[in-house]
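For reference, the structure I am asking about is given below.
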Amino acid sequence: MNKNKGFTLIELLVVIAIIVILASIVLVGIQSATKKAKDARITADISQIRTQAEIFFSTNNTYTGMDANAEITKLSQDITAQGSSATINASGNNYCVYAQLIEPTTVTYQCVDSAGNATRTISVSTCTETSWTCQ
């Protein structure tokens, strides 16, 4: 009488294959959620840059030099840490700031400007030192 207790090699391989399939499904979901979280953080940072720009303007009566502001620099560095980069165009009474988002399949930017616009756009050609707007 054979009293071997345990699993056969085939049973173990089937269990391992099932675990691998489940793990790959979870990893795909986590990657998408991570990209969305980075986009949310980039959007929040851009919004905070707008707030800091207005504080800078109320103190200095100009937007010129706001990119050297310590708080704006920290927010720009956080955007870089998320895998993007902030572009700040500022002069006199106008500014425009944008950063590329991570998740969308098409290139998309989050943009804010001194006119009060805050948009997601596929083109930032209007966010220049001549037009200063996000459209």
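The values are calculated or read from the model by the stated rules, or taken from the named source; none is laboratory data. Note that the structure is predicted; figures quoted are calculated from it, not measured. When we count neighbours, we look across all protein chains shown, and the Cβ atoms used for this are built from the backbone with ideal geometry, even at glycine. Each accessible area value is taken on the protein alone, full model and side chains, heavy atoms only, with ligands, DNA and RNA left out. Shrake-Rupley method; radii C 1.70, N 1.55, O 1.52, S 1.80 Å.
Would you check if LEU22 is closer than 27 Å to THR108 by Cα and either loosely packed, with under 11 Cβ neighbours inside 10 Å or in contact with a helix residue (DSSP H, G or I) (Cβ under 9 Å, 6 or more places away or on another chain) (or both)?
So LEU22 does not fit the description; no.
For the condition open to solvent by 90 Å² or more (accessible area, probe 1.4 Å), more than 30 Å from GLY83 (Cβ to Cβ) and modelled with pLDDT of 95 or more, what is the one hit in ASN61, ASN2?
Matching residue, one of ASN61, ASN2: ASN61.
Output the residue which, of all residues in the range 64-76 that are buried (at least 19 other Cβ atoms within 10 Å of the Cβ) and touching a strand residue (DSSP E or B) at 6+ places or on another chain (Cβ under 8 Å), is farthest from GLU129 (Cα to Cα).
So, considering only residues that are buried (at least 19 other Cβ atoms within 10 Å of the Cβ) and touching a strand residue (DSSP E or B) at 6+ places or on another chain (Cβ under 8 Å), the one farthest from GLU129 (Cα to Cα) is LEU75.
Let me ask something else. Does the range 38-54 contain at least one residue that is more than 14 Å from the chain's Cα centre (by Cα), under 19 Å from CYS134 (Cβ atoms) and touching a residue at least 40 places away in the same chain (Cβ under 8 Å)?
Yes: one or more hits.
So which of SER114, SER32 is surrounded by 18 or more Cβ atoms within 10 Å (Cβ to Cβ), hydroxyl-bearing (Ser, Thr, Tyr) and in contact (Cβ under 8 Å) with a residue 40 or more places away in the chain?
Of SER114, SER32, the one residue that is surrounded by 18 or more Cβ atoms within 10 Å (Cβ to Cβ), hydroxyl-bearing (Ser, Thr, Tyr) and in contact (Cβ under 8 Å) with a residue 40 or more places away in the chain is SER114.
Out of the residues in the range 36-85 that are in contact with a helix residue (DSSP H, G or I) (Cβ under 6 Å, 6 or more places away or on another chain) and aliphatic (A, V, I, L, M), which is nearest to VAL107 (Cα to Cα)?
Checked the range 36-85; the qualifying residue nearest to VAL107 (Cα to Cα) is ILE42.
Determine, yes or no, whether GLU129 is within 23 Å of ALA33 (Cβ to Cβ), acidic (Asp, Glu) and modelled with pLDDT under 95.
no
Tell me whether the range 77-98 contains one or more residues that are at positive phi, within 15 Å of the chain's Cα centre (by Cα) and open to solvent by 30 Å² or more (accessible area, probe 1.4 Å).
yes
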